[in-house]
Amino acid sequence: MTADTTILNYINGNLQAPQSGRFLDNYDPSTGSIYSQIPDSDSQDVQLAVDAARNAFPSWSSCGVQERSRVMLRIADLISKNLDALAKAESQDNGKPMWLSSSVDIPRAESNFRFFATAILHFSSEAHRMEQLAINYTIRQPIGIVGCISPWNLPLYLFTWKIAPALATGNCVVAKPSELTPMTAYLLAKICQEAGLPPGVLNIVHGLGGNTGQAIVDHPEIKAISFTGGTQTGRTIAATAAPMFKKLSLELGGKNPNIIFADCDFDEMMDTTMRSSFSNNGQICLCGSRIYVERPIYDRFREEIVKRTRDLKVGNPLSEQVDLGALVSKAHLEKIQSYLKLAQEEGGQILCGGAIIDHKEAHLRNGYYLSPAVIEGLPIHCRTNQEEIFGPVVTIAPFDTEEEAIALANGTVYGLASTLWTSNLQRATRVAEQLQSGIVWVNCWMLRDLRTPFGGVKNSGVGREGGLEALRFFTEAKNVCLKY
Ligand code: NAD
């Protein structure tokens, strides 16, 4: 399987150019150079995708769960078989180290298909008996045509996280990956062809958010939208979809707190905190970007995080030796730099990092590389601590009491994930209950069980994905009341 230099849409089982004939440049973040072309699709292409999905729906929704499961498992097998090619493509498109895409992103994409291909075999619905009178039974039917829109940070991982439950429940899908990282979605289309997925069941339309994405959200025949991306985009999508009464699942931004009590296992906390701060260059919606440390261990923590952050190697994503690769785009690099400047203007002190990497290898010099940064001395209400930066930047601050830690953690408009470090079980349960977030990790981070509900509160989103939640989202419940 090769990553071609011209990416094509996947509509009605065919790989095809956009109707307009227009293409966009796709950059390799590790070199800053254009390496492929991506369709600049518009509403005409989305209409073709909807037509194909409409035609495919009757047979896909009625062929039975065994058949759907069988095709999806074949897709999972082919993702596994093409692991190296997919991992390489993901690294080139996104800038993340290849060891990361081959150990996390692509295996997780395979698991998403495998998980929902088998979960659907165990899906059931309720019956409610009214004694001597009637029986109510609930059936869960596919919605019809659904839209799945995903971001660039975990490209194939999040794309398949939406598509797999939508297909398993019998829907036909019009999907759009991020225009910044389209390559593995294109390769997935080839895999679907090889796996024998019937034409029109999954359609992948590439292009810009405001054009292709908006056309998907606008389309009256697309009855549900599952979106992962920024909070502002989520707001725009909600404003379009709500008057059309579309079902919506919105997985949005975060500004996640990491609360560290002095009684934690320091070494384990330190190892995991380095990952929760800087994995994937901090470009994971679940990364902890605000670190609050109980005062007795604050100085030790501060010294350790600065030392370890300075030791992180930033460089060519294809090298096994690097910890962090390139940031996804020039615009994103500039956004992060602007926040580093803002942090200083707001009175923060950059303890380490925040510099552009000066590479010896000439071909990497125009890539988007930044050294990871630790910032100290900022109050909770400043913009640096309130707005999502989504890069290799964390702020650190001490706290004195449990109440203060909870207030700091809850002190933003976001509520996606929190991490808590303590060996006191009572405190763990007490604090976890009070944290305003959809996910709380205690003494761990990113430990994912695909059966659990996944999503955020406040401005981090609406609805939940994962396990039964996703199967419920992609179905409509119908109650049938049968009188004896
Ligand atoms: P983004 O909102 O810019 O784009 C996400 C997707 O939406 C892209 O495919 C884009 O083309 C599309 N889009 C943009 N405008 C659109 C519109 N008007 N209509 C329809 N689609 C549109 O987000 P991004 O920069 O790609 O991703 C980073 C963001 O995603 C961060 O805020 C991060 O926290 C968030 N994220 C959240 C989760 C989660 O599970 N909550 C997971 C990963 C990333």
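The values are calculated or read from the model by the stated rules, or taken from the named source; none is laboratory data. Please read these numbers as outputs of a predicted model, since none were measured by experiment. With ideal geometry, Cβ positions are generated from the backbone for all residues, glycine too; neighbour counts draw on all protein chains shown. Only protein heavy atoms, including side chains, enter the accessible area calculation; ligands, DNA and RNA are left aside. Shrake-Rupley method; radii C 1.70, N 1.55, O 1.52, S 1.80 Å.
Of note:
- Residue that is surrounded by the most Cβ atoms within 10 Å (Cβ to Cβ) [pool: residues in the stretch 399-418 that are part of a loop (DSSP other than H, G, I, E, B) and within 16 Å of the ligand (Cβ to nearest atom)]: LEU416
- Residue within the stretch 271-282 that is over 28 Å from GLU433 (Cβ atoms), touching a helix residue (DSSP H, G or I) at 6+ places or on another chain (Cβ under 9 Å), aromatic (Phe, Trp, Tyr) and at pLDDT 95 or above present: yes
- Subset of the stretch 271-324 (residues that are within 16 Å of the ligand (Cβ to nearest atom) and of a type in the set (Val, Ile, Thr)): ILE284
- Per-region count, the stretch 342-352, residues assigned to a strand (DSSP E or B) and open to solvent by less than 70 Å² (accessible area, probe 1.4 Å): 3
- Any hit, the stretch 247-257, residues being free of Cβ contacts under 8 Å to residues at least 40 places away in the same chain and either near the ligand (Cβ under 10 Å from one of its atoms) or crowded, with 23+ Cβ neighbours inside 10 Å (or both): no
Residues are listed down the side, and each one gets a yes or a no for (1) polar (S, T, N, Q); (2) in contact (Cβ under 8 Å) with a residue 24 or more places away in the chain; (3) in a helix (DSSP H, G or I):
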| residue | (1), (2), (3) |
| --- | --- |
| LYS307 | no, no, yes |
| VAL328 | no, yes, no |
| LEU340 | no, yes, yes |
| GLY354 | no, yes, no |
| HIS359 | no, yes, no |
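Yes/no matrix, rows are residues, columns are (1) in contact with a Pro (Cβ under 6 Å, 6 or more places away or on another chain); (2) assigned to a helix (DSSP H, G or I); (3) not assigned by TED's automatic domain parsing to the domain that holds ILE284:
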site: ILE38; (1), (2), (3): yes, no, yes
site: GLU67; (1), (2), (3): no, yes, yes
site: MET72; (1), (2), (3): no, yes, yes
site: ALA87; (1), (2), (3): no, yes, yes
site: LEU100; (1), (2), (3): no, yes, yes
site: VAL104; (1), (2), (3): no, yes, yes
site: PRO107; (1), (2), (3): no, yes, yes
site: PHE113; (1), (2), (3): no, yes, yes
site: SER124; (1), (2), (3): no, no, yes
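- Summed over the stretch 198-244, the residues that are away from the ligand (no atom under 14 Å from the Cβ) and open to solvent by 10 Å² or more (accessible area, probe 1.4 Å) give a count of 6.
- Residue count for the stretch 167-188 under the criterion of being away from the ligand (no atom under 16 Å from the Cβ) and not β-branched (Val, Ile, Thr): the result is 6.
- Residues in the stretch 384-398 that are over 26 Å from the mean Cα position of the chain (by Cα) and either outside the structural domain of GLU345 (by TED's automatic domain parsing) or open to solvent by less than 30 Å² (accessible area, probe 1.4 Å) (or both): ALA397 alone.
- Residue within the stretch 134-141 that is more than 16 Å from the ligand (Cβ to nearest atom), among the polar types (S, T, N, Q), open to solvent by 60 Å² or more (accessible area, probe 1.4 Å) and assigned to a strand (DSSP E or B) present: yes
- Scanning the stretch 445-455 for residues that are over 12 Å from the mean Cα position of the chain (by Cα), buried (at least 16 other Cβ atoms within 10 Å of the Cβ) and within 13 Å of the ligand (Cβ to nearest atom) turns up just one, MET446.
- Between ILE191, ILE149, the distinction of being at pLDDT 95 or above, more than 18 Å from the chain's Cα centre (by Cα) and aliphatic (A, V, I, L, M) belongs to ILE191 only.
- Test for ALA470: is it out of contact with any strand residue (DSSP E or B) (no Cβ under 7 Å at 6 or more places or on another chain), aliphatic (A, V, I, L, M), in a helix (DSSP H, G or I) and within 13 Å of the ligand (Cβ to nearest atom): yes
- Annotation note: Cβ proximity below 9 Å between a residue of the stretch 447-459 that is of a type in the set (Ser, Thr, Tyr) and a residue that is part of a loop (DSSP other than H, G, I, E, B) (sequence gap 6+ or interchain) occurs for THR452/GLY466.
- Total residues in the stretch 297-315, condition basic (Lys, Arg) and over 29 Å from the mean Cα position of the chain (by Cα): 3
- Some residue of the stretch 419-436 being within 16 Å of the ligand (Cβ to nearest atom) and under 30 Å from LYS313 (Cα atoms): yes
- Number of residues in the stretch 43-75 that are open to solvent by 60 Å² or more (accessible area, probe 1.4 Å) and under 24 Å from the mean Cα position of the chain (by Cα) equals 1.
- Hits in the stretch 76-98 (condition: within 23 Å of ARG114 (Cα to Cα) and open to solvent by 10 Å² or more (accessible area, probe 1.4 Å)): ASP77, LEU78, SER80, LYS81, ASN82, LEU83, ASP84, ALA85, LYS88, MET98
- Only one of HIS381, HIS332, HIS363 that is at pLDDT below 95 and either buried (at least 17 other Cβ atoms within 10 Å of the Cβ) or not aromatic (Phe, Trp, Tyr) (or both): HIS363
- The stretch 142-165 - residue that is more than 15 Å from the ligand (Cβ to nearest atom) and among the β-branched types (Val, Ile, Thr) and, of those, least open to solvent (accessible area, probe 1.4 Å): ILE145
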